[in-house]
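Notes to accompany the following structure.
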Amino acid sequence: MEQTDEVLIELYRNGDEAALAVLIKRHFASIYSYIYRFVHHASAAEDVTQEVFIKVWRQIDRFKPGMGLRPWLFRIARNTAIDYLRKKKAIPFSYFADQGGEAVFADADADSLEQAMEKEDQALLDEAVQDLPLKYREVVLLRAEQGLTFEEISTALSKPLNTVKSLYRRGLAQLHQYISSKRSI
């Protein structure tokens, strides 16, 4: 039977080094994915993700049972990513190229055209998300990509629950407006 995050934390606090490795392995992909959406560079995302888990290791004694590990992790990830962007004085820009560098239209058959349209839709959505102001983007990403509840997002961002819900609704409205304007061109 798989152990809960809180059980693993307690095991680690009691000297079981392997418990921390299990926690990191369990949450690494979602934290990396979240950070990548901020920094848009694989090696930077790897560095920032590593920094997040170093902070988790150093601050594990601050974690209080019952507060939920995922919101705690995403709060650390958010703060670390923002610190990285401030240091770099970088504003993440939209990316337009296919991640694999592949041509969108491999051939003209119906399946290829459908795949190309799906890639185009995904690229438009990615562009729209990156165009969102940070306060909306982080809520939309935590909800849509990471599957956090509004309560977990509220905890992770240290914002009131109704503020989080409002930011999410406004973010979705801006996404809809952005996509509608691009499609009408």
(message) Quick check on residue 108: is it in the same structural domain as residue 152 (by TED's automatic domain parsing), at pLDDT below 90 and surrounded by fewer than 12 Cβ atoms within 10 Å (Cβ to Cβ)?
(response) yes
(request) Determine which single condition residue 38 fails, assuming it passes every other condition in (1) hydrophobic (A, V, I, L, M, F, W, C); (2) surrounded by 14 or more Cβ atoms within 10 Å (Cβ to Cβ); (3) at pLDDT 90 or above. (result) (3)
(message) I need the helices (runs of 4 or more DSSP H) fully contained in region 134-185, keeping only those with at least 2 residues that are in contact with a Gly (Cβ under 7 Å, 6 or more places away or on another chain) and at negative phi.
(response) 134-144, 150-157
(message) Being in contact (Cβ under 8 Å) with a residue 40 or more places away in the chain, of a type in the set (Ser, Thr, Tyr) and part of a helix (DSSP H, G or I): is that true of residue 43 here?
(response) no
(request) Only residues that are within 21 Å of residue 157 (Cβ to Cβ) and loosely packed, with under 14 Cβ neighbours inside 10 Å: list them for region 1-28, please. (result) none
(request) Output the qualifying pairs, or none if there are none: Cβ atoms under 6 angstrom, residues six or more apart or on different chains, first residue in region 68-94 and modelled with pLDDT of 85 or more, second residue among the basic types (Lys, Arg). (result) 76/55
(message) When you check residue 5 against the structure, is it among the charged types (D, E, K, R), touching a residue at least 24 places away in the same chain (Cβ under 8 Å) and outside the structural domain of residue 136 (by TED's automatic domain parsing), yes or no?
(response) yes
(message) For residue 3, only one of the following conditions fails: (1) outside any loop (DSSP other than H, G, I, E, B); (2) over 23 Å from residue 143 (Cβ atoms). What is its number?
(response) (1)
(message) I need every pair where a residue in region 136-157 that is closer than 15 Å to residue 169 by Cα and of a type in the set (S, T, N, Q) has its Cβ under 8 Å from the Cβ of a residue that is modelled with pLDDT of 90 or more and surrounded by 21 or more Cβ atoms within 10 Å (Cβ to Cβ), sequence separation at least 6 or different chains.
(response) 154/164
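Quickly run through region 20-40 and pick out the residues that are hydrophobic (A, V, I, L, M, F, W, C) and in contact (Cβ under 8 Å) with a residue 12 or more places away in the chain.
The answer is 20, 22, 23, 24, 28, 31, 35, 38, 39.
The values are calculated or read from the model by the stated rules, or taken from the named source; none is laboratory data. Keep in mind that this is a model prediction, so the values were computed, not measured. Cβ sites come from the backbone with ideal geometry, for glycine too, and all protein chains shown count toward neighbours.
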